[in-house]
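Only one structure is covered here, and it is reproduced in the block below.
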Amino acid sequence: MAKRSSTFGTQPEENDKRKVSREGLRKTLSIFRFVLPYRRTFILGMVFLVLSNLTTMTFPLLIGKMSGVIEGKSPYTINEVTGFFVIILVLQAIFSFLRIYTFTQVSERTMRDVRKTLYAKLVTLPVTFFEQRRVGELMSRVTSDVTQLQDVLSITLAEFFRQIFTLVAGIGFVLYLSTKLTLFMLATFPVIVVAALFFGRFIRKISKQAQDELAKTNVIVEETMQSINVVKAFTNEHYEVGRYTNALQRVVNIALKAATYRGAFVSFIIFGLFGAIVSVVWYGAQLVAGGELILSDLLTFLFYTAFIGGSVGGLGDIYAQLQKTIGASERVLEILNEQSEVTLSSEERGVGSEKERSQSPATRSPQRIHGQVEYRNVHFRYPARPDMLILDGLSLTVPAGEKIALVGYSGAGKSTIVQLLMRYYAVNKGEILVDGRNIQEYDITALRQNIAIVPQEVMLFGGTIFENIAYGKPNATEAEVEEAARKANALEFIDSFPERFQTLVGERGVKLSGGQRQRIAIARAILKDPAILILDEATSSLDAESEKLVQEALDGLMQNRTTIIIAHRLATIRNVDTIYVIRDGQITESGTHEQLALLDNGIYSNLIKLQFENALASAQEKA
């Protein structure tokens with residue numbers, strides 16, 4: 001299999017070394033395509049932004065007019081100018097409120113769409129993607145990175161446009177008041193602008209490092225919570241707290257480093273701006289003394305200069321924030337650009353016309369198959385372990401409705417055989433056919449809709465028993481769910497709970513016993529009504545009583561279905577049609593239980609002896 005090439009797999013250190021090219025910036029800014037459905041609201045917000053800024057920019061002008069009144073050089077009275085002030089204040093308050101409200105609408109709805117699209121992308125990615133990434137890191141992408149984007153849309157972007165408008169309008173006003181003084185004032189700006197660009201590069205690099213370290217802390221929490229029993233069994237609470245503390249300290253160190261750069265830059269900006277204002281006052285005083293400028297215009301000019309200086313200083317910090325966001329948006333885009341294995345319908349993505357939605361795959365009946373399975377000369381190596389051959393020319397045929405078992409030592413390739421059937425991976429050579437058709441030709445969703453698996457370690461969601469059973473058929477009725485539970489021998493213990501099917505199973509089903517979880521999984525498979533059933537050591541970890549109930553349910557589930565059983569406990573597969581013994585990725589023995597048990601020095605017969613000896617030793621220990 002060809003090696004996957006994805007920027008998402010690039011290490012943080014390599015990411016930090018990448019230069020911001022025009023193409024990279026264009027791809028990063030493409031995240032704002034999510035704003036397009038709300039462009040009218042966004043444009044309305046921009047109108048309120050302009051109106052809010054216009055009212056703000058009139059303050060220096062009114063202050064100049066008031067100075068003219070005091071000097072006796074204005075046709076207006078002090079009360080009239082004050083009245084203008086009050087009107088402008090009211091308008092400014094109204095426009096500011098509407099600006100904030102409209103931009104918040106855009107940011108909240110846009111981020112809802114980003115989160116939905118990102119989650120939809122994650123659940124449609126192949127298994128190989130998740131084998132390369134840790135859950136905590138992906139959680140960080142969905143949470144912290146998207147939050148960073150939201151801050152930009154709700155605050156930073158609007159503030160950026162506001163400062164740009166203030167800068168341009170302010171320069172226009174001061175040019176009107178005095179060209180000489182304006183050119184003198186603008187001569188100080190290039191140094192500040194260059195410093196802002198130089199500073200932004202540092203902030204982007206450090207912010208990426210901070211995001212990576214924060215993702216690592218999320219990984220620690222995720223893994224610890226998922227394996228809390230292991231942590232406590234090995235009394236490693238102190239170790240995990242120390243590990244998390246060290247990770248947090250690295251985040252703090254990087255954040256403090258970023259704060260140092262930001263603080264130094266802000267200090268430089270303040271020094272530069274106040275120095276520029278002092279210079280402008282000095283030169284303006286000379287123009288007033290020479291009769292080229294009146295005092296009220298100089299006062300107005302100084303206020304506009306303060307506005308312009310504030311916008312320049314604000315742009316520096318905003319530029320740093322935008323640079324910081326580039327790292328977050330790149331990581332989100334890297335996930336969105338991954339190749340999905342499942343194509344969601346227009347309805348599920350919330351796009352398209354009603355006609356398109358009605359014709360989507362989600363609304364069509366699933367393609368039904370008979371269940372004949374055939375492996376032809378299948379070779380396979382895991383992408384993460386290309387040097388290790390797992391299946392070496394394996395061939396076998398399972399007629400529709402028959403039951404087979406795969407046995408062999410650990411690592412022989414038993415689980416790989418069913419994973420390839422589920423298309424978790426693609427074969428390197430050979431082919432797998434279902435009903436005489438290569439599985440690569442099937443729509444992957446249609447194929448998996450006809451396959452159900454009951455694993456050794458059942459994974460339940462943290463909701464109710466009803467929700468977990470109905471997961472096999474989300475649109476199932478209460479009667480169908482109850483019937484599935486009855487066939488799975490689960491109805492008796494469900495009825496013993498006060499809330500019956502509405503009983504919460506807890507995180508990963510911790511409130512249920514192993515046997516109860518297995519029967520929930522069987523009920524889920526019964527409800528799915530698959531053509532092909534995969535049983536992966538479904539009774540190996542159960543006590544005798546639970547095993548009996550589960551085995552009875554499985555016997556019913558296997559009726560008239562193509563069944564592939566992965567088994568270590570050979571007593572559970574005596575009645576299958578054919579047993580295949582797997583060794584080093586090949587079938588070394590095949591036949592019924594009776595046939596294989598009689599083979600001298602056969603792997604299957606040796607496994608029987610070994611299990612008998614282990615059972616005898618265990619019985620002697622108990623005695």
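The values are calculated or read from the model by the stated rules, or taken from the named source; none is laboratory data. On a predicted model such as this, the values are computed, not experimentally measured, just so you know. Here Cβ is always computed from backbone atoms with ideal geometry, including for glycine, and neighbour counts include all displayed protein chains.
Does segment 155-169 contain any residue that is exposed (fewer than 14 other Cβ atoms within 10 Å of the Cβ) and modelled with pLDDT of 75 or more?
yes
Name the residue that is farthest from Gly393 (Cα to Cα), counting only residues in segment 602-623 that are of a type outside the set (Ser, Thr, Tyr) and either in contact with a strand residue (DSSP E or B) (Cβ under 8 Å, 6 or more places away or on another chain) or at pLDDT 80 or above (or both). Lay out the reasoning, then the answer.
In the first step, residues of segment 602-623 are kept if they are of a type outside the set (Ser, Thr, Tyr); the result is 602-603, 606-617, 619-623.
Checking which are either in contact with a strand residue (DSSP E or B) (Cβ under 8 Å, 6 or more places away or on another chain) or at pLDDT 80 or above (or both) leaves us with 602-603, 607.
Numbers: Gly602: 21, Ile603: 19, Leu607: 24 Å.
Looking at the filtered set, the residue picked out is Leu607.
For segment 397-424, a residue qualifies if it is crowded, with 18+ Cβ neighbours inside 10 Å, hydrophobic (A, V, I, L, M, F, W, C) and more than 32 Å from the chain's Cα centre (by Cα), and the qualifying residues are Val398, Ile404, Ala405, Leu406, Val407, Ala412. Of all the criteria given as (1) outside any loop (DSSP other than H, G, I, E, B); (2) closer than 22 Å to Thr563 by Cα, the one not satisfied by Glu480 is (2). Among residues that are surrounded by 13 or more Cβ atoms within 10 Å (Cβ to Cβ), in a loop (DSSP other than H, G, I, E, B) and either at pLDDT below 70 or not charged (D, E, K, R) (or both), Met66 is not included. Looking across segment 554-583, the residues that are within 37 Å of the chain's Cα centre (by Cα) and in a helix (DSSP H, G or I) come down to Leu554, Leu557. Count of segment 483-503 residues, restricted to those that are surrounded by 13 or more Cβ atoms within 10 Å (Cβ to Cβ) and assigned to a loop (DSSP other than H, G, I, E, B), is 5.
For the residues Leu394, Leu420, Leu389, Leu447, the requirement of being part of a strand (DSSP E or B) and of a type in the set (A, V, I, L, M, F, W, C) singles out Leu394. When Ala523 is tested against (1) of a type in the set (A, V, I, L, M, F, W, C); (2) more than 24 Å from Lys403 (Cβ to Cβ); (3) not in a loop (DSSP other than H, G, I, E, B), just one condition goes unmet, and that condition is (2).
Within segment 222-242, being surrounded by 15 or more Cβ atoms within 10 Å (Cβ to Cβ) and at pLDDT 80 or above holds for Thr224, Glu240.
Of the set (1) in contact with a helix residue (DSSP H, G or I) (Cβ under 9 Å, 6 or more places away or on another chain); (2) in contact (Cβ under 8 Å) with a residue 24 or more places away in the chain; (3) not hydroxyl-bearing (Ser, Thr, Tyr), all apply to Ile417 but (1). Applying the criterion of being surrounded by 18 or more Cβ atoms within 10 Å (Cβ to Cβ) and free of Cβ contacts under 8 Å to residues at least 60 places away in the same chain to the residues of segment 448-470, the residue that is farthest from Ile522 (Cα to Cα) is Arg448. Considered as a group, the residues in segment 255-275 that are among the small types (Gly, Ala, Ser) and more than 30 Å from the chain's Cα centre (by Cα) include one that is farthest from Glu213 (Cα to Cα), and that residue is Gly275.
Among the residues of segment 504-520, at least one is touching a strand residue (DSSP E or B) at 6+ places or on another chain (Cβ under 9 Å), under 21 Å from Ile565 (Cβ atoms) and part of a helix (DSSP H, G or I). Would you call Ala258 modelled with pLDDT of 75 or more, surrounded by 16 or more Cβ atoms within 10 Å (Cβ to Cβ) and over 17 Å from Ala187 (Cβ atoms)? Answer is yes for this residue.
If you filter segment 471-486 down to residues that are under 27 Å from the mean Cα position of the chain (by Cα) and without any contact (Cβ under 8 Å) to a residue 24 or more places away in the chain, you find that the one that is farthest from Leu549 (Cα to Cα) is Asn475. The residue list Phe189, Phe184, Phe199 contains one member that is at pLDDT below 70 and over 27 Å from Arg141 (Cα atoms), which is Phe189. Among the residues making up segment 77-136, those that are within 30 Å of the chain's Cα centre (by Cα), among the polar types (S, T, N, Q) and at pLDDT below 80 are Thr128, Gln132. Considering only residues in segment 426-443 that are surrounded by 13 or more Cβ atoms within 10 Å (Cβ to Cβ) and among the acidic types (Asp, Glu), the one that is nearest to Leu396 (Cα to Cα) turns out to be Glu431.
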